[in-house]
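Quick notes on the structure that follows.
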Amino acid sequence: MLEIIAGILLITGGFFVLVAAVGILRLPDILMRMHASTKAGTLGAGLILLAVAFLYAEIGIISRALATIAFILMTAPVAAHAIGRAAYHHGITFWKGTIVDDLKDYYEKTRQTRRGSEKVSEED
Amino acid sequence: MKIFLFNIILALIWTAVTGTFSFGNFLIGLVLSYAVLIVVGPAIDKSGYTRRVWKAVTLFLFFLKELFLSSVRVAIDVMRPGFRMQSGVVDIPLDVTSDLEITLLANMISLTPGTLSLEVSDDRKELFIHAMYIDEGVDHVRNSIKQGMEKHIMEVTR
């Protein structure tokens with residue numbers, strides 16, 4: 001019974017990791033690629049680790065698998081945020097299906113104050 | 001937070017008293033001490049710990065549901081020939097104020113496929129996210145985040 005559950009989890013997890021890989025290749029711009037790689041990848045890795053926990057059903061392995069899942073869940077979004085933000089600041093070109101960009105308006109609105117604060121820090 | 005430690009310490013005492021130090025027994029201890037805290041909680045704790053535990057569990061289940069549903073949605077779009085989605089950067093007005101709440105919200109947004117948090121405004125009143133599916137309008141994205149995740153987070157932290 002445990003083996004069947006573990007098998008289903010492994011196949012689903014493997015499928016989502018595959019989706020993440022195909023997504024990185026196929027999706028049109030970097031921010032959308034981040035969507036595929038971090039999230040589908042996280043879910044896939046989580047499911048595979050869960051399958052390991054089910055298959056071995058030992059306290060040491062379960063606790064390590066759960067801890068790994070917890071740390072993936074904590075670190076993956078931070079990395080995604082950092083890469084996405086860096087890419088945005090680098091001035092990437094969005095694909096043609098992008099219909100709004102509120103962040104651009106915000107940066108333009110606050111550019112004056114930002115420049116001011118940068119100057120102050122340079123003088124320091 | 002203090003009361004949460006109290007819960008764990010009571011569970012450890014339970015495992016010590018019963019003499020079997022296993023994970024299952026520790027879980028039983030957690031449930032029993034939670035029951036104790038429901039009874040004596042109002043006398044020693046003003047933060048509503050017993051209520052917030054359930055809200056935290058609800059938040060976690062809600063998050064798992066979102067993670068799975070949107071992963072499936074992204075998977076379908078990745079596999080399907082041609083792209084039919086519309087993406088964009090959307091600003092979301094924030095009702096949450098503390099560091100913990102904003103971090104939690106931004107991380108959960110980043111973890112659900114289809115949305116990625118990019119920036120918090122300097123006055124901490126707006127969160128800018130990149131969304132993959134805004135075919136139903138920008139307001140629909142805003143509402144689903146505000147009514148879903150943000151509401152759940154506020155129920156846990158307040």
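The values are calculated or read from the model by the stated rules, or taken from the named source; none is laboratory data. Since the structure is predicted, the reported quantities are computational estimates derived from the model, not experimental observations. Cβ atoms come from the backbone with ideal geometry, glycine included; neighbour counts cover every protein chain shown. Just the protein is used for accessible areas: all its heavy atoms, side chains included, with ligands, DNA and RNA removed. Shrake-Rupley method; radii C 1.70, N 1.55, O 1.52, S 1.80 Å.
Odds and ends about this structure:
- Coarse-grained scattering of segment B:73-115 at q = 0.23, 0.32 Å⁻¹, given as base-10 log I(q)/I(0) from a Debye sum over alpha-carbon atoms: -0.87, -1.18
- If you bin all the Cα-Cα distances of chain A at 5 Å, starting from zero, the percentages per bin are 2, 10, 13, 15, 14, 11, 9, 8, 7, 5, 3, 2, 0, 0.
- Acute angle (nearest 10 degrees) that the helix B:23-44 long axis makes with the longest principal axis of chain B, alpha-carbon atoms: 90
- Relative contact order of chain A, defined on C-alpha pairs under 8 angstrom at six or more residues apart (%): 25
- Segment B:38-78: translational diffusion in µm²/s, Stokes-Einstein, Kirkwood Rh over Cα pairs, 10 °C, 1.306 mPa s: 127
- At 1.306 mPa s and 10 °C, Stokes diffusion of segment B:96-158 via Kirkwood alpha-carbon radius, µm² per second: 132
- For A:Asp101, residues with placed amide H under 5 Å, excluding near neighbours: B:Val89
- Amide hydrogen proximity for B:Glu126: with H placed 1.01 Å from N in the peptide plane, the residues at 5 or more positions away or on another chain lying under 5 Å are B:Leu94, B:Ser121.
- The lysines whose alpha-carbon is closer than 23 Å to the alpha-carbon of B:Lys125, local same-chain residues fewer than 8 away aside, are A:Lys104, A:Lys109, B:Lys146, B:Lys151.
- Think of each Lys and Arg Cβ as +1 and each Asp and Glu Cβ as -1; about the Cα centre, that makes the dipole of the protein assembly as shown roughly 480 debye.
- Charge context of B:Asn143, other residues only, Cβ under 15 angstrom, K/R +1, D/E -1: -4
- Apportionment of accessible area to carbon and sulfur, the protein assembly as shown, percent (1.4 Å): 68
- With DNA, RNA and ligands ignored, accessible area of B:Asp135 (1.4 Å probe; Å², nearest 10): 80
- The rule of thumb for compact globular proteins, 2.2 N^0.38 Å, goes into the C-alpha radius of gyration of chain B 1.34 times.
- Interchain or long-range residues, amide H under 5 Å from B:Gln86's placed H: B:Ile134, B:Asp135
- Orientation-averaged projected area, Cα convex hull of the protein assembly as shown (nm²): 19.1
- Charge dipole (Cα centre; +1 on Lys/Arg Cβ, -1 on Asp/Glu Cβ; no other charges) of segment A:2-123 amounts to roughly 260 debye.
- B:Asp77 accessible area, 1.4 Å probe, all protein chains in place, Å² to nearest 10: 10
- Each residue of segment A:78-86 is assigned a 3J(HN,Hα), and the resulting list reads 5, 5, 4, 4, 5, 5, x, 5, 4 Hz, derived from the Karplus form 6.51 cos²θ - 1.76 cosθ + 1.60 (θ = phi - 60°), x at Gly and Pro.
- Calculated diffusion of segment B:2-44, Stokes-Einstein form, Kirkwood radius summed over Cα pairs, 37 °C and 0.692 mPa s, µm²/s: 320
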